[in-house]
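Written out below as structure tokens is the structure these notes cover.
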Amino acid sequence: LSAGAGSGSMSPLISVGSPPPPITVPGSSFTPPSGYQFSNWYNAANGTYYNPGDSIPDTGGATSTATITAQYTVIPTYTITFAPGAGSGSMAPVTGPWGQYFAVPACGFMPPAGQQFLEYSSGVHGVFLNGYNYLIQGPDTITAIYANIPYTVSFEPNGAAQSAYGQTDRKSVA
């Protein structure tokens, strides 16, 4: 087994018997080059690609040897964009490799009049708050969602013999 462009070592695959049984191709424990991931194995002697779990028949007898070399592919990167929803402004996108996590930043958009930021929504992850540990799985747009700002209305009796208690109401914004 050869690491190819990667690094590290793995024990050789040995088939013993008469006739020798096929060898099951393992996954790779080599360290891939930065920005790459293991994809499969390649036998340059016969031009064959092997995936983990495939069988390699022993066609050369008791003394045959073959080298299969680890192959790597680029880890794809994706851009996550932010949309203001009903608000305005812009936020910088996040770009990262598939499988990487990032903490969703605080909302930097200007909310509509009479509203405040409530939460985010995305097609991949549903609804979540800033600080959410977002897993990059492909391109996505994270949209800000807003809610009306709650306010309190207090009533004063203005010298009347009766008293009223403060009540909370929500302001409607069209």
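The values are calculated or read from the model by the stated rules, or taken from the named source; none is laboratory data. Nothing here was measured: the structure is a model prediction, and the numbers come from that model. Reconstructed Cβ throughout: ideal geometry from the backbone, glycine too, with neighbour counts over all protein chains shown. Areas reflect the complete protein model, heavy atoms only, side chains present, ligands, DNA and RNA absent. Shrake-Rupley method; radii C 1.70, N 1.55, O 1.52, S 1.80 Å.
Give the label of the value calculated from the structure for log10 I(q)/I(0) by the Debye sum over Cα atoms at q = 0.12, 0.13, 0.14 Å⁻¹, choosing from (1) -0.76, -0.81, -0.86; (2) -0.62, -0.71, -0.81; (3) -0.68, -0.78, -0.89.
Correct label is (1).
Report relative contact order for segment 13-106 in percent, whole number only (criteria: Cα-Cα under 8 Å, sequence separation at least 6).
26 percent
Any idea how far apart Leu135 and Ala113 come out in nm if each label point goes 7 Å out from Cα toward Cβ?
Each label point lies 7 Å from its Cα, and together they span 4.4 nm.
Please calculate how many Å² of accessible area the chain carries per residue, with a 1.4 Å probe and no DNA, RNA or ligand atoms counted.
63 Å²
Quick query: amide H of Thr48 versus all other amide H atoms, modeled in the peptide plane; which residues come in under 5 Å with a sequence gap of 5 or more or a different chain?
So Thr48 has HN proximity to Asn43.
Per-residue HN-Hα couplings for segment 140-147, Karplus 6.51 cos²θ - 1.76 cosθ + 1.60 at θ = phi - 60°, whole Hz, x for Gly and Pro?
Listing the rounded values in order: 7, 10, 9, 10, 6, 10, 10, 9 Hz.
Could you work out the relative contact order of the chain? I mean the mean sequence separation of Cα pairs under 8 Å and 6+ apart, divided by the number of residues, in percent.
RCO, the chain: 17 percent.
Amide H of Ile142 versus every other amide H placed in the peptide plane: which residues, excluding those fewer than 5 positions away on the same chain, fall under 5 Å?
Thr81, Phe82, Ala83
Output the peptides 79-87, 50-58 sorted from most to least packed, where packing is the average of other Cβ atoms within 10 Å over each peptide's residues.
79-87, 50-58
Take Gln100 and Val153, extend 7 Å from each Cα along the Cα→Cβ direction, and tell me the distance between the two endpoints in nm.
My value for the distance between the label points is 5.1 nm.
Using each residue's phi in segment 122-133, evaluate 6.51 cos²θ - 1.76 cosθ + 1.60 at θ = phi - 60° and report the 3J(HN,Hα) Karplus result to the nearest Hz, with x for Gly and Pro.
Working through the residues one at a time gives 9, x, 8, 10, x, 9, 7, 9, 4, x, 4, 7 Hz.
For Asp58, what residues show an amide H to amide H distance below 5 Å, using hydrogens built from the backbone and excluding near sequence neighbours?
It is Ile23, by chain and number.
Return the sequence-ordered ³J(HN,Hα) values of segment 11-23 in whole Hz as given by the Karplus equation 6.51 cos²θ - 1.76 cosθ + 1.60 applied to θ = phi - 60°, using x for Gly and Pro.
Couplings: 5, x, 8, 10, 10, 10, x, 9, x, x, x, x, 9 Hz.
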